[in-house]
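Comments concern the structure below.
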Amino acid sequence: MSRNFNDDISTPEKFVVTLELVPGRESSGRTIDTIHGISKEAYQDGRITAVSMTDNPGGNPALSPDALGRKILDIGMDVIVHFTCRDTNRMGMESRALQLAHMGMKNILALTGDYSGKGFGGRGTPVFDFDAVILTSMLNDLNMRLIKTGHSEIFVTGCAVSPFKYTEAESWVQYKKLERKIEAGSSFTITQLGYDIDKYEELLLFKKDKGLDIPPLASLYVLDKRSARPMHAGRVPGVHVTEKLYQKVMQEWQNPEDGRKHAIERTARLGAVLKGIGYRGIHLGGVHDSFETVGRIIDRMDEIEHNWQEYYDEFREDEPNRFYLYKKPAAVTGNIPSANSIKLKLTENCHYLFLRTAHDLFFDKNATFAPVYKRISSSLDKNKKSWVLKRFLEDPFKKIMLSCQGCGDCGIQHVGFLCPESGCPKHTRNGACGGSNNGYCEVDKDKLCVWVRAYKRMKKNGEMEKLTSELVPPRLWELKDTSSWVNFHLERDHQRDPGPPKKAAKAQVAKS
Ligand code: SF4
């Protein structure tokens, strides 16, 4: 009988185990045969609900998860396809989604994606036409169309979330983004990788606090010497391996046999603890050679799950200067950022206050002079003179204030009056990607993440509730190099009336 991820994840009593496999840069050969073999054994074992296939991991080219996934689906094993926003624009993404629907691949993990890595001839263009929230929204829209045309099988879209953020700003923005992803149509969530049980619990508490009804799976990784090194060095975006854990793993792997035993035991213990505290499943990575390791982890989890509390404290990390949303573990010391300890440079605050005031005066549809601005915009547009305003006033002003790139569909008001085009290498409009590290950008490592800057500005002014409080639609490319001021007043930009809100077409429909 074929596995069905949606059925399992929709059954509250079921503890779900999924397996992440990574296609390499080959169209056939040993790696592909190994992935196929692991999937076959996983199916035969019967305890794995689905395998998930990564999409050009690390931004580097690899065999498409769509092609490989289809072969695995034929075995009877269900597949979750990772779908990132890095490599194609919205046309390519919709086309890919249609192809997946046509192929019967309905479980999608919608991700913004790592930044572009190297392909033939060097680094590729990072597209990021959408972010993960907008991608989820697009898949939801596609679901509506599928339902209308009589399809019973629709996309089951999941999202990633990183509880392993240790500054207040990053944590807050991550969780707000999770809310937007659910609003857009996410039916399940998978955490990024970490070993801090207080952070794992934080996500559950946040879900409960906000009434978010979405099953969470926790990422686990069979940590070896080779993988621990880049993770500890911060070279795997969003993943946290502390110095203490790194040293321990290095020690354990001095003898490969011991290292393997320890890695399996650690993974099983964390899995059992996560099951104990209420995670709906685990998402296992770091399995490269055979299914045997997975089988041993699940066997061991079964053995110890009844006394999981015994292992709980092993996963408490006593690192200083860390932010926790709900609780402060006893071992944590230092200056935890709080409402009163947000530090913001005077120039940064002045920049924010100036642009916010200008925005309220000139770009609020309810402002007193809004009808006047609309008439002026209309007259400029009719006489084909908008370019004069753009070239002599808008461009110089916005280039100096925002390093504006002339997208014509301004989104600064969504990002604390910072530009999502020039300020974020992934052009995110609905909250930070998961790759920021200690407040700094995954791509420009010496710059603060634009969302961290936005949070600090807004928190300082008591407005942070407004940040990522609504789903921001994608930028309209047809407006590039036109006047964003005129576009706003003539209701041509993304802020135009979107019509009645669309409901999320989620898993319950998929089950029919
Ligand atoms: S600015 Fe923030 S959201 Fe944008 S790529 Fe860098 S870390 Fe990610």
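No lab work stands behind these numbers, since they all come straight from the coordinates. All of these numbers come straight from a predicted model, not from anything done at the bench. Methodologically, a virtual Cβ is constructed for each residue, glycine included, from the backbone with ideal geometry; neighbour enumeration extends over all protein chains shown.
Taking other Cβ atoms within 10 Å as a rough exposure proxy, R180, R226 sort from fewest to most as R226, R180.
For the Cα atoms of the chain, what angle does the longest principal axis make with the long axis of helix 346-362, in degrees from 0 to 90, nearest 10? It works out to around 60 degrees. The fewest-to-most ranking of F354, F128 by surrounding Cβ atoms within 10 Å reads F354, F128. Considering only A432, G185, H232, and ranking their Cα positions along the charge dipole of the chain that arises from unit charges at the beta-carbon of Lys, Arg, Asp and Glu, the one farthest toward the positive end is A432. In terms of other Cβ atoms within 10 Å, T88, T189, T54, T49 run from fewest to most in the order T88, T54, T189, T49. Charged side chains reduced to their Cβ positions (Lys and Arg at +1, Asp and Glu at -1) give region 392-480 a dipole of some 280 debye around its Cα centre.
In order along region 218-232, the Karplus-derived 3J(HN,Hα) couplings, from 6.51 cos²θ - 1.76 cosθ + 1.60 at θ = phi - 60°, round to 9, 6, 10, 9, 7, 6, 10, 4, 5, 7, 5, 4, x, 5, 5 Hz, and Gly and Pro are given as x. Taking a ≥ b ≥ c as the square roots of the eigenvalues of the Cα gyration tensor, the chain is prolate, since a/c reaches 1.5 or more and a/b is larger than b/c.
When only Cα pairs under 8 Å and 6 or more residues apart are kept, what is the percent relative contact order across the chain? Write out the running numbers ahead of the final one.
Values: 875 pairs, mean separation 87.4, N = 512.
After rounding, I find 17 percent.
With a cap of 15 neighbouring Cβ atoms within 10 Å, and only residues DSSP puts in a loop, list the trypsin sites (Lys or Arg not before Pro) found in region 358-439. For trypsin sites (Lys or Arg not before Pro) across region 358-439 that sit outside H, G, I, E and B with at most 15 neighbouring Cβ atoms in 10 Å, the list reads K365, K384, K385. The angle between the Cα long axis of helix 256-277 and the main principal axis of the chain comes to about 60°, on a 0 to 90 degree scale. For Q405, the residues whose modelled amide H falls within less than 5 Å of its own, excluding neighbours fewer than 5 places apart on the same chain, are S422.
For the pair region 107-182 / region 43-94, the C-alpha centres are spaced 14 Å from each other.
Select from Y455, P256, N321 the residue farthest towards the positive end of the dipole of the chain; place +1 on Cβ of Lys and Arg, -1 on Cβ of Asp and Glu, and compute about the Cα centre. Result: Y455. Between 0 and 90 degrees, the angle of helix 168-184 with respect to the longest Cα principal axis of the chain falls at about 90 degrees.
Determine the relative contact order of region 342-489: mean sequence separation of Cα pairs under 8 Å and six or more apart, normalised by residue count, in whole percent. Intermediate results must be reported in sequence, preceding the final value.
Numbers: 162 pairs, mean separation 48.1, N = 148.
It rounds to 32 percent for region 342-489.
Under the classification rounded if a/c is under 1.5, otherwise prolate if a/b is larger than b/c and oblate if not, where does region 67-118 fall, given a ≥ b ≥ c as square roots of the Cα gyration tensor eigenvalues? Judged from the Cα gyration tensor, region 67-118 comes out prolate (a/c at least 1.5, a/b above b/c).
Normalised by the number of residues in region 83-189, the average gap of Cα pairs under 8 Å and 6 or more apart makes the relative contact order 30 percent. DSSP beta bridges fully contained in the chain are about 10 percent antiparallel.
Compute the FRET efficiency between I342 and D141 as 1/(1 + (r/R0)^6), taking r as their Cβ-Cβ distance and R0 = 45 Å, and round to the nearest 0.05.
It comes to 0.75.
Answer rounded, prolate or oblate for region 379-509, using the Cα gyration tensor with square roots of eigenvalues a ≥ b ≥ c: rounded when a/c is under 1.5, else prolate when a/b is larger than b/c, else oblate. Taking the square roots of the gyration eigenvalues as a ≥ b ≥ c, region 379-509 is oblate.
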